[in-house]
Amino acid sequence: MKNVKAFIFDLDGVIVFTDKFHYQAWKRMADRMGIYFDETVNNRLRGVSRMESLDIILENYEGSLSQEEKKALAEEKKASYRELLNTMTPQDVSTKVRRTLEQLREKGYKLAIGSSSKNAPFILEKVGLLDFFDAISDGNNITNSKPDPEVFLKAAEYLGEDPQNCIVVEDAYAGVDAAKAGGMAAAAIGDAASYEKADYVLEDFSDLLKLVSGNEDQ
Ligand code: B16
Ligand code: MG
């Protein structure tokens, strides 16, 4: 294994599971507009920015909407989503995820978040992890969303690490593509585990510890 110095974690689908809230919030908006929306469409929104997600949902909308109207729909979804996020507590991060993060930290790895979400700081605060990571790169500091590597390159920059020494942990195809485009290794979990471009497949979050075992003597 190469000289791994840092891990960059996607948030939704890796550290927390807010995809159910994204689904409920988009569904509420889609139902009100009479737009067909189901779990299959929702799966395509994984790792994708809010406005790009809306464009995917609107593929099932017959009419045409102005930029202003689209912004209003995105705001409507955001308001519902924030309401749902408000119910989150530290219990929404599993003990296994927490223990693994702590053990990676103890082993001396730098840890960052690389998320497309503009709500990342809010979510991290709700689950009590806002001050845990060495750096946070999210939807608020990027202009191009995944599969563009910007969010991960910024995370590496904030950490002061060479992208080549970082492993990105992702649950989305778009996120694995972003990691590869940034010259980083990609460890895939969940939905992305079947993606052939991933360098490592994690059956479980704690498999990260197996990945780096033997790396310590270098
Ligand atoms: P927001 P991640 C992504 O988070 C979600 O997977 C994606 O479904 C969502 O559209 C995107 O954040 C933007 O979220 O509306 O909160 O800015 O997986 O990159 O952590
Ligand atoms: Mg994700």
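Any read-out appearing in this document is the output of simple, stated calculations on the displayed coordinates, not a laboratory observation. Owing to the predicted nature of the structure, the values given are computational and were not obtained by experimental measurement. Positions of Cβ are generated from backbone atoms using ideal geometry, with glycine treated the same way; all protein chains shown enter the neighbour counts.
Using θ = phi - 60° and the Karplus form 6.51 cos²θ - 1.76 cosθ + 1.60, what ³J(HN,Hα) does each residue of the stretch 149-166 get, whole Hz, x for Gly and Pro?
Result, rounded to whole Hz: x, 3, 4, 7, 5, 5, 4, 4, 4, 4, 7, x, 10, 5, x, 5, 9, 10.
In debye, nearest 20, what is the charge dipole magnitude of the chain about its Cα centre with +1 on Lys and Arg Cβ and -1 on Asp and Glu Cβ, if you could check?
Once rounded to the nearest 20, the dipole reads 340 debye.
Just how large is the dipole of the stretch 1-108 about the Cα centre, in debye to the nearest 20, putting +1 at every Lys and Arg Cβ and -1 at every Asp and Glu Cβ?
Dipole magnitude for the stretch 1-108 comes out near 720 debye.
In debye, nearest 20: dipole of the stretch 66-123 around its Cα centre with unit charges on the Cβ of K, R (+) and D, E (-)?
380
Got a sec? Charge dipole of the stretch 6-46, +1 on Cβ for Lys and Arg, -1 for Asp and Glu; which of Met33, Asn43, Ala6 is way out at the positive end?
Met33
Against the longest alpha carbon principal axis of the chain, how many degrees, from 0 to 90 and to the nearest 10, is the axis of helix 95-106 turned?
Value to nearest ten degrees: 40.
Please state the relative contact order of the chain as a whole percent: Cα pairs under 8 Å, 6+ residues apart?
It comes to 26 percent, rounded to a whole number.
Go through the stretch 3-11 residue by residue and turn each phi into a ³J(HN,Hα) via Karplus (6.51, -1.76, 1.60, θ = phi - 60°); whole Hz please, and just put x for glycine and proline.
After applying 6.51 cos²θ - 1.76 cosθ + 1.60, I find 7, 7, 10, 8, 10, 10, 9, 5, 9 Hz.
How high is the relative contact order of the stretch 129-218, in percent, counting Cα pairs under 8 Å that sit 6 or more residues apart?
It rounds to 20 percent for the stretch 129-218.
Among Gly139, Tyr23, Leu124, which residue has its Cα furthest toward the positive end of the charge dipole of the chain, with +1 on Lys/Arg Cβ and -1 on Asp/Glu Cβ?
Checking the options against the dipole of the chain, the answer is Leu124.
Where does each of 124-135, 11-22 land if you order them by average Cβ count within 10 Å, highest first?
Packing proxy ranking, top to bottom: 11-22, 124-135.
Using the Karplus equation 6.51 cos²θ - 1.76 cosθ + 1.60 (θ = phi - 60°), what ³J(HN,Hα) coupling, rounded to whole Hz, does each residue of the stretch 170-186 give in order, writing x for Gly and Pro?
9, 10, 10, 4, 4, x, 5, 4, 5, 4, 4, 5, x, x, 10, 7, 10
Considering only DSSP states other than H, G, I, E and B, which GluC sites (Glu not before Pro) in the stretch 1-81 qualify as loop sites with at most 16 other Cβ atoms within 10 Å?
Glu62
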